[in-house]
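A.B. asks: Could you have a look at this structure, given as structure tokens, before my questions?
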Amino acid sequence: MQDPSAEPPFAAMDFSSSPVNRSLSPQDKIDFYRTMVRIRRFEHLALGQYQKDKMGGFLHLYIGQESVAVGAVSLMGENDHVITAYRDHGHALAVGMSMDECMAELFGKVTGCSKGKGGSMHFFAPDKNFWGGHGIVAGQTPLGLGLGYALKYQGLPGCALCFLGDGAINQGVFHESLNLAALFEIPIVYIIENNGYSMGTSQTRSSAYRDCLAQRAEAYNMAWDLVNGEDLYEVRAKTHIAMERARKEHRPSLLEIQTYRYYGHSVADANADKYRTPDEIERYKTYHDPIRLWERRLIDEGHLTAEEAKAMEKEATKETAKAIKFAEGSPAPTVDDILHDVYWEVDEDTEAGNTGRHFFND
Amino acid sequence: MRELLYRHALREALDEELAHDENVVLLGEEVAEYNGAYKVTEGLWDKWGSKRVVDTPISEAGFIGMGVGASMLGVRPVMELMFWSFHSVAFDQLVNNAGCVRYMAGGKINVPIVVRGPANGGTNVGATHSHCPEGLFAAFPGLKVCAPATPADAKGLMKSAIRDNDPVFIMENTKLYGNLGEVPDVGEGDFLIPLGKADVKRKGSDISLIAHGRSVLHCLEAADTLHEDHNISAEVLDLRSIRPLDLEAIINSVVKTNRAVLVDESKPFNGVSSQIAALIQEHAFDHLDAPVKRVCSLDAPAIYSHHIEDEQLPNARRVVDQVLSMA
């Protein structure tokens, strides 16, 4: 057992007293803990099901990064919208999607959030202002811009949160999006979840930068900040400032939230332990784990006991097990289902949907 | 009936739809203050202002993706690609985001966007600016594609496309923008042409010439020659809409004439005509008296030289020659 006092957390400042955190009730703080624990249990048990061949394709686990989605999403109001990349399970659960619909989607079942048509990388819940779940690196960055554009166009006092990985910042469309965001004064907050690796290539081997990645915003005359992702208070405090800048001044921001993933890029990442040392992974787990740090914080603040934390973990395990059962017991889509949800006009049986051939199977 | 230029018919459609729905917004390079690279949007920025008619930087992936995202929240962007040839830099947004997001969301989202602009050769601008991607995009389920040949069709299809709740790509033609044609008077009410309805532009009994876009005009000219010089009665069927496709009209025409020449400015490999040929043999094989033939652009990147480019494209003489080769 390593001594937890040997390496202090990265956090140098205490953000617990920032206005957006001061207003939190003990219950709010406990709910954040519960959501983070639920995400981690969901991911752990999903991994187990993946290894039992219960699902196809890829599985990009969010374990280690939970504080980022939970902290940022906790700040969303009714006119705020969120979109992310393919490591999307954490954001989905954070916005309030059920474990049942998420697990069923992984299992490719018709009860999944996308009826088994999207899979792990493509979770959606427009009714919860969650617009995916996008598989192409940085492909979602102009879509997020569009969400912000629509809010401003319609005069709504909200903003868009657009998450991306550190690997996405070298895609051309991301730079186009930053330029448009600043040029058109779009209410958007871009959040780079920097876990240090774009798949198996480390930050220093993939990106050219001076001090940090978010600094690239300077080139677009855009506000930016660097955030220690292990501290939920800091994530909330700094993201809140950027969201207010978007909502009230229609000015975009670029945040870089430093975080870490414990597993590979996806579970198909055979080299997950080769491009980084076991020591590095262990160090993060021991000293920088966002859930353990939050738990310690709540215990120190007197809002949580170790027993209550344990009980919540158990509860999350039970909930995930129930979701697995639900997914297992749900029907798969049929061949007939393949041809639905392609065209709105066809699905809605409108005159346009009934004019001309839309499909060419025979 | 009054006559309008193709570009003015399009402008009238855009103007009417800006008035019809406050969520309609025009976006694109030079569409506002410059009045449009090809003057399709001329005067609309003056009339509607900077909220409804928006100049974008040269950033196709960025602004097309932005339009797709905005449409998910109910805005109805009509985005101009200065040339459809520039689709290649926005391909991920056009295909994966516009075309697939509804499906991947299990039908919880729809993307009511229009992407429009010219898609044609024949202007001596070389391979990068002369692509005809209507067949390419029609190959992606989730997308709709139209290619109007006349001012009236341009107006009617544009209005239907803007009101459609799925993504519609309209392929115009710089060689058609200056063409005059009859367009119903505004006083006669909303003029809409549904997607998925072909139009017999000339009736005939001996052979079907099936085309879309500017090729329709080559077919009409060829039909005149065939009639006058060779006593052949050619029917000209204008597809207008590639996807959805009016299969019934295609089959009806072939069943009547028993011969078909497909005229398509795309390249022969997987052009629109490839799909039409497959459908004809599947659905009208027993009615054919000859193999289905095609006139496509010659199978090489678009040549620049103005001395020869028209011979790379379908033209009336090539259509006549192909028909006569079947006699």
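A.B. asks: Charges at C-beta only: +1 for Lys and Arg, -1 for Asp and Glu. How large is the resulting dipole of the stretch A:227-278 about its Cα centre, in Debye rounded to 20?
C.D. replies: That gives a dipole near 220 debye.
A.B. asks: Looking at the protein assembly as shown, what % of its DSSP beta bridges pair antiparallel, to the nearest 5?
C.D. replies: Expressed as a percentage, antiparallel bridges in the protein assembly as shown total about 20.
A.B. asks: Looking only at other chains, what is the average number of their beta-carbon atoms within 10 angstrom of each beta-carbon in A:68-77?
C.D. replies: 0
A.B. asks: Which is farthest toward the positive dipole end of the protein assembly as shown among B:Thr128, B:Asn315, A:Val110, measuring Cα position about the Cα centre, with Cβ charges +1 (Lys, Arg) and -1 (Asp, Glu)?
C.D. replies: The Cα lying farthest towards the positive end belongs to A:Val110.
A.B. asks: Name the residue from B:Gly213, B:Ser233, B:Ala223 whose Cα lies farthest towards the positive end of the charge dipole of the stretch B:199-325, charges +1 on Cβ of Lys and Arg and -1 on Cβ of Asp and Glu.
C.D. replies: Positive-end residue among those listed: B:Gly213.
A.B. asks: Continuing with this model, one more query. Between A:Tyr209 and A:Thr317, what's the calculated FRET efficiency when r is the beta-carbon distance and R0 is 35 Å? Round to 0.05.
C.D. replies: It comes to 0.30.
A.B. asks: Sticking with this one: Out of the DSSP beta bridges found with both residues in chain A, what percent are antiparallel (nearest 5)?
C.D. replies: Antiparallel bridges make up about 10 percent of those DSSP assigns within chain A.
A.B. asks: For the residues A:Ser74, B:Ser71, what sequence is obtained by ranking on other C-beta atoms within 10 Å, fewest first?
C.D. replies: With the fewest neighbours first, A:Ser74, B:Ser71 line up as A:Ser74, B:Ser71.
A.B. asks: Are there any GluC sites (Glu not before Pro) in the stretch A:77-159 that are in a DSSP loop and have at most 14 other Cβ atoms within 10 Å? List them by number.
C.D. replies: Hits after loop and neighbour filter: A:Glu78.
A.B. asks: Long-range amide H contacts for A:Ser198: which residues qualify at under 5 Å (H placed 1.01 Å from N, peptide plane, sequence gap of 5 or more or a different chain)?
C.D. replies: A:Gln203
A.B. asks: Cα gyration tensor of chain B, axes a ≥ b ≥ c as square roots of the eigenvalues: rounded (a/c below 1.5), prolate (a/b > b/c) or oblate?
C.D. replies: Since a/c reaches 1.5 and a/b is larger than b/c, the shape of chain B is classed as prolate.
A.B. asks: Still on this structure, please answer the following. How do A:Glu313, A:Glu249 line up, fewest other C-beta atoms within 10 Å first?
C.D. replies: A:Glu249, A:Glu313
A.B. asks: Sticking with this structure for a sec: Between the stretch A:279-357 and the stretch A:218-266, what is the C-alpha centre distance in whole Å?
C.D. replies: Spelled out, the Cα-based centre of one part sits 23 Å from the other.
A.B. asks: Let me ask you something else. Taking the Cβ of each residue in A:Ser253, B:Ser88, A:Ser177, A:Ser330 as the centre, tally the other Cβ atoms inside 10 Å and list the residues starting with the fewest.
C.D. replies: B:Ser88, A:Ser330, A:Ser253, A:Ser177
A.B. asks: Report the longest stretch of chain B that contains none of the trypsin sites (Lys or Arg not before Pro) sitting in a DSSP loop with at most 13 other Cβ atoms within 10 Å.
C.D. replies: The reported range is B:52-202.
A.B. asks: Assigning unit charges at the beta carbon (Lys, Arg +1; Asp, Glu -1) and nothing else, what dipole magnitude in debye, to the nearest 20, does the stretch B:134-185 show about its Cα centre?
C.D. replies: 80
A.B. asks: With runs of 4+ DSSP H residues as the only contributors, calculate the mean residue ellipticity of chain A at 222 nm using -39,500 (n - 2.57) per run, divided by the residue total and rounded to the nearest 500.
C.D. replies: -13000 deg cm²/dmol
A.B. asks: For the pairs A:Lys117/B:Lys197; B:Lys159/B:Lys201; B:Lys155/B:Lys256; A:Lys109/A:Lys325; A:Lys52/A:Lys128; A:Lys274/A:Lys310, note any where the Cα-Cα span goes beyond 24 Å.
C.D. replies: A:Lys117/B:Lys197; B:Lys155/B:Lys256; A:Lys52/A:Lys128; A:Lys274/A:Lys310
A.B. asks: Loop only by DSSP, 11 or fewer other Cβ within 10 Å of the Cβ. Give me the chymotrypsin sites (Phe, Trp or Tyr not before Pro) in the stretch B:239-327 that pass, ordered by residue number.
C.D. replies: B:Phe269
A.B. asks: With Cβ to Cβ distances under 13 Å as the rule, what net charge do the other residues near B:Asp238 carry (K, R +1; D, E -1)?
C.D. replies: Once positives and negatives cancel, what remains is +1.
A.B. asks: If you don't mind, another one. Tell me the mean residue ellipticity at 222 nm calculated for chain B from its helices only (DSSP H runs of n ≥ 4, each -39500 (n - 2.57), averaged over every residue, nearest 500).
C.D. replies: The helix-only estimate for chain B comes to -10000 deg cm²/dmol at 222 nm.
A.B. asks: Nothing charged except the Cβ atoms of Lys and Arg (+1) and of Asp and Glu (-1): what's the magnitude of the dipole of the stretch B:3-188 about its Cα centre? Round to the nearest 20 debye.
C.D. replies: 480
Coordinate-derived values only; no laboratory data. The model shown is predicted, which means the values in this text are computed figures rather than measured ones. Cβ atoms come from the backbone with ideal geometry, glycine included; neighbour counts cover every protein chain shown.
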